[in-house]
Amino acid sequence: MSAQMVLVPDAPIRWPLLDEGDCRDVAAAVLALRSSWLQRHPAGPFFSLGAASYLDANGGQPGRDKYEAMAAQYNPALEQAFGPLFARVTTSLADHLQAPVVLTKKQALPGFHVFLSHPAFEQQVAPIHIDLQHRLLDWEGVVPEATLSITLPILVPEHGASMNVWGVLDHDWPTPLSEGWQLRLKQAPRYDIHYTPGEMVFHSGRFVHRIAPARSLGPDDIRMTLQAHGVLLDGVWQIYW
Ligand SMILES: O=C(O)CCC(=O)C(=O)O
Ligand SMILES: [Fe+2]
């Protein structure tokens, strides 16, 4: 890691990246690709656009192979529709981090989470976690020196969207959760990061967090976010999903 390089904060921070018109354009492009969305919830309308390592790369080498095949399938359309958006994200990250930031070649490009309206999303929809999906992937035998996670909200429901954050930091997340961990969570301070369309939320992924349950969803509400992660390898940040 070079001396000038900026560290990624563990507690999520945010900075403005897109204006309202940009968000409208990105949302329209994601909606136009609806035939490529993959449903990711057994009952509710939760979709991804693009392959996601945390969902698709589980299960050792067969999982990695499946993820890489999905990445090869979805990356060209993502690149075509969102190339300029990805460039804004990587340029902004490079400015902030004072280090080179590139999109990975072999892994999935950044993609989108899309939640259409459903009562299930007012309950707990997503597990509490820390971001460890980089361990599922093959970085040519090199262990990343650091990690980053990004959520860039594009559309949020009328009553808001947020991420719940627990003030607990770790490199490990046992499943099932040990009693010690459950106690740590219970005693930890918890706060919410409220999402504003166009404001990128940025963190190391090591604070415990989850997608916050939605509140009072209307029928037309949509929660749409760009999702990406990064690993630091040989002084270069590689961005993937
Ligand atoms: O959408 C969010 O609020 C966070 C998503 C997240 O934590 C993840 O995909 O790892
Ligand atoms: Fe996460």
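The values are calculated or read from the model by the stated rules, or taken from the named source; none is laboratory data. Please read these numbers as outputs of a predicted model, since none were measured by experiment. We place every Cβ from the backbone using ideal geometry, glycine too, and count neighbours over all the protein chains shown.
Structural remarks
- Candidate set from the range 104-129 (those that are surrounded by fewer than 22 Cβ atoms within 10 Å (Cβ to Cβ) and touching an Asp or Glu at 6+ places or on another chain (Cβ under 9 Å)); member that is nearest to G83 (Cα to Cα): K106
- Any hit, the range 94-110, residues being touching a His at 6+ places or on another chain (Cβ under 9 Å), within 15 Å of ligand 1 (Cβ to nearest atom), modelled with pLDDT of 95 or more and within 24 Å of P42 (Cα to Cα): yes
- Residues that are at pLDDT below 95 and either farther than 17 Å from D221 by Cβ or touching a Lys or Arg at 6+ places or on another chain (Cβ under 7 Å) (or both) within the range 16-44 comprise P42, A43, listed in sequence order.
- The single condition among (1) surrounded by 14 or more Cβ atoms within 10 Å (Cβ to Cβ); (2) in contact with a strand residue (DSSP E or B) (Cβ under 9 Å, 6 or more places away or on another chain) that W15 does not satisfy is (1).
- The one condition in (1) free of Cβ contacts under 8 Å to residues at least 24 places away in the same chain; (2) surrounded by 13 or more Cβ atoms within 10 Å (Cβ to Cβ); (3) farther than 30 Å from Q182 by Cα that L55 fails to fulfil: (3)
- Any hit, the range 163-179, residues being more than 12 Å from ligand 1 (Cβ to nearest atom), hydroxyl-bearing (S, T, Y), within 29 Å of P45 (Cβ to Cβ) and within 15 Å of the chain's Cα centre (by Cα): no
- Matching option when the condition is of a type in the set (G, A, S), under 30 Å from S117 (Cβ atoms) and part of a strand (DSSP E or B), among S48, S35: S48
- Hits in the range 87-145 - residues which are part of a loop (DSSP other than H, G, I, E, B) and either acidic (D, E) or at positive phi (or both): Q98, D131, D138, E140, G141, E145
- Residue within the range 103-116 that is in contact with a strand residue (DSSP E or B) (Cβ under 9 Å, 6 or more places away or on another chain) and farther than 30 Å from G60 by Cα present: yes
- Taking the range 148-241 and the strands (runs of 3 or more DSSP E) fully enclosed by it, the elements with 1 or more residues that are without any contact (Cβ under 8 Å) to a residue 40 or more places away in the chain and closer than 22 Å to F121 by Cα are at 190-194.
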